[in-house]
Amino acid sequence: MTDGAIRPQLSKLVCGKSRSTGELNVTPLEVYRERGHRRLASRTFASKCAMCLWGAEMAVAMIIDQWNPSVRRFRRETFCYGPKGCRFYMAGPTRKVPGRRGMSWDEEDWVDEEATVAPGTG
């Protein structure tokens with residue numbers, strides 16, 4: 001993780017109840033890791049994606065100084081792990097990542113595109 005990059009930290013199973021049967025569905029973390037994450041507009045998450053299996057709001061660790069990775073800050077962000085063709089998906093604003101000595105870095109769209117490329121195709 002260089003240049004103050006942000007990476008979501010998945011630390012537990014994601015689960016939800018099926019709306020039709022009420023059964024508990026548990027999706028293994030490996031599935032989310034394979035699918036990759038894309039930034040999601042927080043308003044879209046709140047209005048349409050909070051109940052979706054692929055929508056997630058989580059704490060994100062930011063490494064502020066790549067030469068001293070112990071210096072971290074945390075913030076909450078929303079992500080989509082769903083299909084790229086989802087009609088509700090709306091990208092959030094580019095992420096602003098603070099850096100050392102007052103510098104900052106904008107995480108552009110290519111970061112999300114790279115995160116959702118299937119292994120072995122990129």
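Cut-off is 10 Å between beta-carbons; in what order do VAL60, VAL26 appear when sorted fewest neighbours first?
Numbers: VAL60 17, VAL26 8.
So the residues, fewest neighbours to most, are VAL26, VAL60.
Relative to the compact globular guide of 2.2 N^0.38 Å, what is the alpha carbon radius of gyration of region 27-122, as a ratio?
Cα Rg divided by the expected 2.2 N^0.38 Å: 1.16.
I'd like the trypsin sites (Lys or Arg not before Pro) in region 25-114 restricted to DSSP loop residues with at most 14 other Cβ atoms within 10 Å, sorted by number.
LYS84, ARG87
Amide H to amide H, which residues 5 or more places from GLY55 or on other chains are under 5 Å from it, using H placed in the peptide plane?
Answer set, sorted by chain and number: TYR81.
By the gyration tensor of its Cα atoms, with a ≥ b ≥ c the square roots of the eigenvalues, what is the shape of region 31-78: rounded for a/c under 1.5, prolate for a/b over b/c, or oblate?
Values: a/c = 3.53, a/b = 1.95, b/c = 1.81.
It comes out prolate by the Cα gyration axes.
Using the number of other C-beta atoms within 10 angstrom as an exposure proxy, rank GLU77, GLU107, GLU30 with the fewest first.
GLU30, GLU107, GLU77
Sort TRP54, TRP67, TRP105 so the one with the fewest other Cβ atoms within 10 Å of its own Cβ comes first. Please list the in-between numbers first.
Working: TRP54 20, TRP67 7, TRP105 15.
Ranked by crowding around the Cβ, least crowded first: TRP67, TRP105, TRP54.
Quick note: the coordinates plus some simple rules give every number you see, no bench work behind them. Treat the numbers as computed from the prediction; the structure is a model and nothing was measured. So basically every Cβ, Gly included, is an ideal-geometry build from the backbone, and we count neighbours across all protein chains shown.
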